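Here the structure is laid out as structure tokens; the discussion comes afterwards.
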């Protein structure tokens, strides 16, 4: 009996120990399932989260590809971990949605913990339709199909910068080339020294050794003609032998140059002999080429001595002429550079305009303030109390009331915030009017009408003429009742003239209990991007619904 009793005690102890381990394991690995809401509208996000507590050595896995059908996973958020003593709490969130209304059940999900897994709780979710009031929302017929012109071939925008860069490179190359020519001209030796150096280089050549008399006489005649071209006759290089000799005789007779008749005759003989060698392949006797070379050097020296020294007056005239010539060349370079740049810009303008339109070209080159405003940084801010949230290109500035007329007879206080001015590209005004607690619905209607009337009066005081006013009621997504007033007007300019371009305005007034919230936008009606800016501002308005207004709306819907 004693042995049996001991065995029973051991079994009970083992069972108790196992039970404690199981309870400890369940407490450690308990999975909690939470959702932020069980009722959403079509397309809204529902967040479901799974929490599990474990030790630092435990393995917890939330599979990325969870099966939440019939709901769709739109985002899997990063796992969040928090530490408490020696325990770690893991929290994993998923964003779900559904695009069909009805009642759905999120199935139980598998959470892996070490070598086992746990199932989360199932959740019932209701997906509601978005209420559309067809009495306020106008219905339109389906528009017929329209023929759309084929989109033009688009050239990458970088090609125009490439063309412009190529034009600049051509201009730089042209100026560098001209500069190089100018530097080479400065390095050129005087005519007499240049001729002597050329004759020395001819002596060191091997033409006569190779019996190449044609090349030898070609260089010899070119040397003497180049000298005469620079010092005596600027057409010597292009002249025949007969033309050159006749002009030298003419210069001799006119007294401009004191040539020796003997030098002219010797030059005539050598040039004619050179023509026979070059064109008739006449053979020369031994030593004839060296003798002709010595004669040419002597003729060049005698000519150099015969050239008279320029007078002071001639030097002055030559200086003035060179300066005028230099200015003329500079003007020519400027004209060529400007013409090249103009051609490049014209081609770029024509190509860009044909592909993207002249308006896009103007915006690219000169910019567009409204487009810069639309594409620039916008600010989302909350104004007043109760707050009204709106996104604008510039932060609105609070305006202090100028006089007692800024408040109506049924209001207690008015908060106003503005940006810009009426008459500029964009004017935004936001005002929040608190109505006395004891005000009746009739007083609220009066306050609404008064608010719109004072806004229109502000426009008239700023110079608005021919003011067109249209008004209609609407309801926001939050269920708030509101009034929309819109239209256009002509603006009287400070000089008394009336602007040809019309201005447009739009006023949205939200009527919560004891509070009127109004947003006014004034913009250029026919200016591009102005209407887009207005739409972006209007569509960004968020009006937090007060509890009193929410209760009032629910009671009205219940009735």
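Values in this text are rule-based calculations from the coordinates and carry no lab data. All values reported here derive from a predicted model rather than from experimental measurement. Cβ atoms come from the backbone with ideal geometry, glycine included; neighbour counts cover every protein chain shown.
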| note | Compactness summary of the stretch 191-311: radius of gyration and Dmax from Cα atoms, Å, are 14.2, 48
| remark: Each label sits 7 Å from Cα toward the beta-carbon; between residue 378 and residue 445 the label points are separated, in nm, by 3.6
| task | Quickly rank 213-219, 174-180 as a protection proxy: mean count of other C-beta atoms within 10 Å, highest first. | result | 213-219, 174-180
| Extension gain (nm, one decimal) between residue 351 and residue 256, 0.36 nm per residue minus Cα-Cα | 28.2 nm
| message | How far apart, in nanometres, would the label points at residue 86 and residue 73 be if each is projected 7 angstrom from Cα along the Cα-to-Cβ direction? | response | 3.4
| Between residue 38 and residue 395, how many nm apart are label points set 7 Å from Cα along the C-beta direction? | 4.4
| Kirkwood hydrodynamic radius over Cα pairs of the stretch 27-128, then Stokes diffusion coefficient at 20 °C and 1.002 mPa s, in µm²/s | 150
| request: Could you tell me what percent of the DSSP beta bridges with both partners in the stretch 27-128 are antiparallel, to the nearest 5? | output: 90
| message | Could you sort the peptides 271-279, 330-338 by per-residue average Cβ neighbour count (10 Å cutoff), highest mean leading? | response | 271-279, 330-338
